[in-house]
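*Asks:* There's a structure below that I have some questions on.
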Amino acid sequence: MNLMNLLEAEHTRSQMQTIVNYVGSSQKRFDDLIKIFLSGSYRLTQRAAWPISNCSTAHPQLINKHFVTLIKMMKDEKQHPAVRRNVLRIFDNLALIPEKYHGVIMDACFIYISNPSETIACQSFALGILNKLSDTYPEIKPELALIIEDKLPHATAAFKSRAMKILKKKRSNSI
């Protein structure tokens, strides 16, 4: 199988799953997918993001050597929102983000949830990441709660749902 051909063929859930199954737990195949993600055309980058997200969820060890690259892609404002969304989804779904990346990821997530023009999906994944990191860094809880409460009156249902779960958890943990 050729990853480039698979990505060019179509952009469907079925095709994404075919790619995820092909990559499996192979570091080499995952690295090849990351190379396409980094150097492919705009369309290929966008199409590679979805299977990368799902491969990372199924096999989190595959992502370890690519954190710097993914953070760079996440922060690149020229990237399609689908790229940022899928990178944020990867970080949100990981059980553990290496400590040395906490600061840069946290800063980016606060920017995303504060930016009214950011997509709702990106804001929701950023909320999830910040919620997870707030267990390690409880000092961010007040700022996170303040931003959430400020956004709630005008938020979409998706943002409200995630935000209310976080606020409820934070309130129950502070008692």
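*Asks:* If one puts a single equal scatterer on every Cα of region 1-69 and applies the Debye formula without solvent, what log₁₀ I(q)/I(0) results at q = 0.12, 0.17 Å⁻¹?
*Replies:* -0.24, -0.50
*Asks:* By the scheme Lys and Arg +1, Asp and Glu -1, what is the net charge of all other residues having a beta-carbon under 15 Å from that of Phe110? Don't jump to the answer; show the numbers that get you there.
*Replies:* Details: positive: Lys75, Arg84, Lys132, Lys141, Lys151; negative: Asp92, Asp107, Glu118, Glu139, Glu143, Glu149, Asp150.
Charge balance near Phe110 sits at -2.
*Asks:* Could you work out the mean projected area of the convex hull around the alpha carbons of the chain, in square nanometres to one decimal?
*Replies:* So the mean shadow area of the Cα hull is 10.2 nm².
*Asks:* Let me ask another. Using only Cα atoms and rounding to the nearest 10 degrees, what angle (0 to 90) does helix 42-58 make with the longest principal axis of the chain?
*Replies:* 70 degrees
*Asks:* While we're here: If r is the Cβ-Cβ distance from Ala158 to Ser41 and R0 is 25 Å, what FRET efficiency results, to the nearest 0.05?
*Replies:* Numbers: r = 30 Å, r/R0 = 1.20.
After rounding, the FRET efficiency stands at 0.25.
*Asks:* Rounding to the nearest 20 debye, state how big the charge dipole of the chain is about its Cα centre with +1 on each Lys and Arg Cβ and -1 on each Asp and Glu Cβ.
*Replies:* The calculation lands at about 320 debye.
*Asks:* Taking +1 at the Cβ of each Lys and Arg and -1 at the Cβ of each Asp and Glu, which of Tyr112, Thr57, Tyr137 sits farthest along the dipole of region 53-175 towards its positive end, judged by Cα position relative to the Cα centre?
*Replies:* Going by the Cα projections, it comes out as Thr57.
*Asks:* Okay, moving on. Tell me the angle of helix 157-173 to the major Cα principal axis of the chain, expressed in degrees between 0 and 90 and rounded to the nearest ten.
*Replies:* 60 degrees
*Asks:* Expressed as an acute angle from 0 to 90° and rounded to the nearest 10, what is the orientation of the C-alpha long axis of helix 13-23 relative to the principal long axis of the chain?
*Replies:* Taking Cα atoms only, the helix is inclined about 70 degrees.
*Asks:* Could you give the C-alpha radius of gyration of region 97-175 expressed as a fraction of 2.2 N^0.38 Å, taking N as the number of residues it contains?
*Replies:* 1.02
*Asks:* Between Met1 and Thr69, what FRET efficiency follows from the Cβ-Cβ distance if R0 is 30 Å, with the result rounded to 0.05?
*Replies:* 0.80
*Asks:* Okay, moving on. Let me check I've understood the local charge: for Lys78, count other residues with C-beta under 13 angstrom from its C-beta, Lys and Arg +1, Asp and Glu -1. What total comes out?
*Replies:* With Lys, Arg at +1 and Asp, Glu at -1, the neighbours total +1.
*Asks:* Please report the net charge: other residues with Cβ closer than 12 Å to the Cβ of Leu44, K and R +1, D and E -1.
*Replies:* Once positives and negatives cancel, what remains is +2.
Taken together, the values in this text are just the output of simple stated rules run on the coordinates, not laboratory data. Since we're looking at a predicted model, the values are computed, not measured. Here the Cβ is made from the backbone with ideal geometry for all residues, glycine too, and neighbour counts use every protein chain on show.
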